[in-house]
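Beneath this line is the structure, given in C-alpha cells, with notes to follow.
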Amino acid sequence: MPYKVRSESLVLKILRILNKRMKFTGDDQRYYQNQEKGFQGEVQFDKLTEKLQRECHILNDLQLENNKSSFQLDSSLIFQGTYSLFEVKNFEGEYVYDGEYFKTISGRDIQNPLDQLKRSRLLLSNVLQSLGSKLTVEAYVIFINPQFTLYKTPPDLPFILPTQLNRFMSKIDQKPSRLNNSHKVLADKLISMHQTVPPIIQLPAYDYDQVRKGMTCCKCDSFSVTIVGKKLICDKCGCAELVTVAIMRNVEEFKLLFPEKKITTNIIHEWCEVVDSRKRISRVLGKNLKITGLGQWAFYQ
C-alpha cells in the first residue's frame, strides 16, 4: 500500500475536460496525449512497486521545491538506508543515446531523461539534507513500455530498460530494510511539502464562451444524454447516473476550468444545459455547497 497514493495531476484533469469540450490544435492534442501516456506509465510502475515485500515507504508523485526551484519525483521508495527515486518514461519505439543527446531513430532530439534525473537527484539531496536525513539517494530512469528500444546504451547509466525491469525489481526487493519512526517522520514531512498546484501550469488557451456547454456521460464522455426522472441516461452507452451526482460532477469540472468565476444557479444552469429547471440546480447546489449572499448576489462555495 503506497504511503502517498498517485492521482491525476491538475494539468491532466483540466486537459481531459478541455479535450471533450473544445477542439485542440495538433500541438495541444499531442501535449495532452503525452500527459495521458505519461500518467499511464507511472500507474503501470506503481503496480510493480506495490508488489515489493521489503519494508519501505512508497511515495508517488511528489512535487517539491528547493531554493525556489520546483521539481517532480514520479516515484520514490524510502528504505532503511537509501532513498530510491525513479523517473518513469513511457516512451514507445526505437531511440538512440549517443552520450549527450537522446534521439528517436529518425534523428529527432528529445529532452535527455538523464539530465532531468540528475537535476531531481541534486535538488532532492538538498531537501533531505535540510531535513537532517542521512539517507543515500539512488536515482534511476525507468523505461516502462515493453515496445521501447534504446540503442548504444552504456552499461553504467542508471537506465532500466523494459527487459531489465523484472530483474531490477527483484534486486530492489532484496535490500535489507527495517523502518523506524524517523522514516515515517521523513515521509510525512515530504508529503506536507508536496505542492498540489505546480508553480507553472501549461495549458491551451481557452475561455468560457469557447468551450462546449452541456452535461456529459460519466463513462464515455458523450454529450448525448437525457434526463429521465432522477437519472441522467447516456443515449450512446446506456450508462445511468443520478442527476444530483451528475450536476455536482459538472460543477467540479466548471470549478477546475474557471476557478475565478463564482458558482451561481444561473451559470451552472447554463453550464449543464440539459437541466431544464433552475430550481433543481439551486436545490442541488444548496445541499452540497455553502451559499453566500442573498438574491441575485448569492453564490456557492
*asked:* Using 20 Å as the Cα-Cα cut-off, could you pick out the over-long pairs in Lys68/Lys189; Lys118/Lys184; Lys20/Lys290; Lys68/Lys134?
replied: Lys118/Lys184; Lys20/Lys290; Lys68/Lys134
*What number, in percent, do you get for the relative contact order of the stretch 11-85 if the mean sequence gap of Cα pairs under 8 Å and at least 6 apart is divided by its residue count?*
20 percent
*Kyte-Doolittle mean at least -1.0 and Cα extent at least 24 Å along the axis: which DSSP H helices of the chain qualify?*
113-130
*Show the residues, 5+ positions off or on another chain, whose built amide H is closer than 5 Å to the amide H of His194.*
none
*With 30 Å as the limit, write out which pairs from Lys213/Lys279; Lys37/Lys219; Lys4/Lys255; Lys13/Lys152; Lys236/Lys262 have Cα-Cα distances beyond it, or answer none.*
Lys13/Lys152; Lys236/Lys262
*For the chain, what is the relative contact order in percent, using Cα pairs closer than 8 Å and at least 6 residues apart in sequence?*
16 percent
*With contacts defined as alpha carbon pairs under 8 Å and 6 or more residues apart, what's the relative contact order of the stretch 69-130 in percent?*
22 percent
_Restricting to DSSP H runs of at least four residues, report the calculated mean residue ellipticity at 222 nm for the chain, -39500 (n - 2.57) per run over all residues, nearest 500 deg cm²/dmol._
-11500 deg cm²/dmol
_Within 10 Å, at most 11 other Cβ atoms, and a DSSP state outside H, G, I, E, B define an exposed site. Report the longest part of the chain free of exposed GluC sites (Glu not before Pro)._
101-259
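Since every read-out is calculated from the coordinates, none of them should be taken as a lab result. Model, not experiment: these values are computed from the prediction. A quick note on method: Cβ atoms are made from the backbone with ideal geometry, for glycine too, and the neighbour counts reach across all protein chains shown.
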